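**Student:** Handing you a structure now.
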Amino acid sequence: MFQTLYSYFWWERLWLPENVTWADLEDRDGRVYAKASDLYITLPLAFLFLIVRHLFETYVATPLAGLLNVKEKIRLKATPNAVLEKFYAATTKHPKQADVEMLSKKSGCTVRQVERWFRRRRNQDRPSLLKKFREASWRFTFYLIAFIAGMAVIVDKPWFYDLREVWKGYPIQSMLPSQYWYYMIELSFYWSLLFSIASDVKRKDFKEQIIHHVATIILISFSWFANYIRAGTLIMALHDSSDYLLESAKMFNYAGWRNTCNNIFIVFAAVFIITRLVILPFWIMHCTVVYPLDLYPPFFGYYFFNFMMVVLQSLHIFWAYLIIRMAQKFITGKVVEDERSDREETDNSEEEEEAAKNGPLSNGHPVLNNNHRKTD
């Protein structure tokens, strides 16, 4: 049964155009072709990326955060309460008004105290500013290096300037060593992102991020199997061209450099919209949808590859909507921040009451010689 499934999976008509067989893509006469077995190395490389990331965040990103004066906000801790903690863990982190009133009776707290407890408890679970900074630093470093390396791989190739060259001689196109390593490193990195997504900072587009990572891994892997390598290198470099700008804007935002963050964000927004909403659909996707039909009839791989491109493009439109919303805030003079972020909650009214009675508080204790009220 396994052998039958294996045969169906690697059926040539799924992956290759008509009249082309796997035998045509066997290495010979000094010409080397992509093989599925090449991708086995990406899984151990992904775990190596996780190790390198840990070392980078510990010994590079953390000291850099100190140099940029990245400071943590003082968060007031929720007072231990078994009733509220059980509801928080088992039911919901955002109780409705009826739930708040019920919990008030069960816990012996007032309604306002219950509301305050849930605000503080949610804030405790939110990732720290340092964690966000370290994460952004790691991604910025990778995306910048990947973009520079990607451009070095393709800038001297004829298909970088003439997209019809992408399909010249397809699928009998020999693989270059630079293309091999570009693919292996990019695919390994996206595997590492998928492996670490549960522990990374969770944003409002968490599900979309998972879809993006899975679609990217499938696209890179399939383009390797079907020898769509020329198109694949163009697509990867195009995506990396704006990602490092976003991560650098986040870094400066966490460091409190608002003007620098806003300026970089505007550059990022322009590059993102040009590359993802103009170049990708009207140049790259036109290249993958229209030009191949001049050489061979459409086959399953042709439809599958372009379907996954449509999935990615749909995500780009979703993120472009968020980016435009942030750009509108910038134009109207409001602080630009990530629309996907889970914002810190405050309980100003309660803190003002406590400060009026007992003086400024920090974690329930009076603070001396402090002329500024602290909030969560």
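Coordinate-derived values only; no laboratory data. From a predicted model like this one, the values you see are computed outputs, not experimental measurements. Backbone-built Cβ (ideal geometry, glycine too); neighbour counts: all protein chains shown.
**Student:** Once you treat every alpha carbon in segment 214-332 as an equal point and sum by Debye, what is log10 I(q)/I(0) at q = 0.14, 0.17, 0.21, 0.22 Å⁻¹?
**Tutor:** So the normalised log intensities work out to -0.65, -0.86, -1.14, -1.22.
**Student:** Say we join alpha carbon atoms closer than 10 Å with springs in a Gaussian network model of the chain; which of Ala226, Ala327, Ala36 then has the biggest fluctuation?
**Tutor:** Result for the chain, Cα springs under 10 Å: Ala36 fluctuates most.
**Student:** Continuing with the same structure: For segment 176-260, place one equal point scatterer on every Cα, skip the solvent, and apply the Debye formula. What is log10 of I(q)/I(0) at q = 0.25 Å⁻¹?
**Tutor:** Treating every Cα as an identical point scatterer, log10 I(q)/I(0) equals -1.27.
**Student:** Taking +1 at the Cβ of each Lys and Arg and -1 at the Cβ of each Asp and Glu, which of Ala78, Leu39, Ser199 sits farthest along the dipole of the chain towards its positive end, judged by Cα position relative to the Cα centre?
**Tutor:** With unit charges placed on the Cβ atoms, the residue in question is Ala78.
**Student:** Moving on to the next point. In a shell of Cβ-Cβ distance under 14 Å around Leu16, excluding Leu16 itself, what net charge do Lys and Arg (+1) and Asp and Glu (-1) give?
**Tutor:** Summing Lys and Arg as +1 and Asp and Glu as -1 gives -2.
**Student:** In the structure displayed, which of Lys77/Lys250; Lys131/Lys157; Lys93/Lys132; Lys168/Lys250; Lys96/Lys202; Lys96/Lys250 lie more than 30 Å apart, Cα to Cα?
**Tutor:** Lys131/Lys157; Lys168/Lys250; Lys96/Lys250
**Student:** Over the Cα atoms of the chain, what Rg and Dmax result, in angstrom?
**Tutor:** Using the Cα atoms of the chain, the pair Rg, Dmax is 25.9, 86 Å.
**Student:** Then there is this: Determine the gain in length on full extension of the stretch Arg325-Arg28; use 0.36 nm per residue of separation and subtract their C-alpha separation, reporting nm with one decimal. Spell out each step's value before the answer.
**Tutor:** On the way: separation 297, 0.36 × 297 = 106.92 nm, distance 5.39 nm.
In short, 101.5 nm is gained.
**Student:** Right, next: Enter the angle in degrees (range 0 to 90, nearest 10) between the Cα long axis of helix 300-331 and the first principal axis of the Cα atoms of the chain, meaning the one along which they spread out most.
**Tutor:** Taking the Cα atoms of the chain, the angle to 300-331 is about 40 degrees.
**Student:** Beyond 15 Å, what share of the Cα-Cα pairs of segment 82-125 is found? Please give it as a whole percent.
**Tutor:** 29 percent
**Student:** Please state, to two decimals, what the Cα-based radius of gyration of segment 229-276 comes to when divided by 2.2 N^0.38 Å (N = residues). Can you show the working numbers first?
**Tutor:** Numbers: Rg = 12.6 Å, N = 48, 2.2 N^0.38 = 9.6 Å.
Rg over 2.2 N^0.38 Å, computed on Cα atoms: 1.32.
**Student:** Okay, next question. Given the Cα-Cα distance of Arg258 and Glu18 and 0.36 nm per residue of separation, how much length would full extension add, in nm?
**Tutor:** Using 0.36 nm per residue and subtracting the Cα-Cα distance, I get 80.8 nm.
**Student:** Still on this model: Which residue, Trp191, Trp181, Trp224, tops the fluctuation ranking in a GNM of the chain built on C-alpha contacts under 10 Å?
**Tutor:** The residue that fluctuates most here is Trp181.
**Student:** Grab the other residues whose beta carbon is less than 14 angstrom from that of Leu25, score K and R as +1, D and E as -1, and report the net.
**Tutor:** Charge balance in the 14 Å sphere: -3.
**Student:** Could you compute the longest span of the chain free of GluC sites (Glu not before Pro) located in DSSP loops and having at most 11 other Cβ atoms within 10 Å, not counting the site residues?
**Tutor:** On the way: sites that count: Glu18, Glu26, Glu72.
It runs 73-376.
**Student:** Using a Gaussian network model of the chain with C-alpha springs under 10 Å, which one of Asp156, Asp200, Asp243 is most mobile by mean-square fluctuation?
**Tutor:** Taking springs between Cα atoms under 10 Å, the residue moving most is Asp156.
**Student:** Points 7 angstrom from Cα along the Cβ direction at Thr79 and Leu48: gap in nanometres?
**Tutor:** Placing both labels 7 Å beyond Cα along the Cβ direction yields 5.5 nm.
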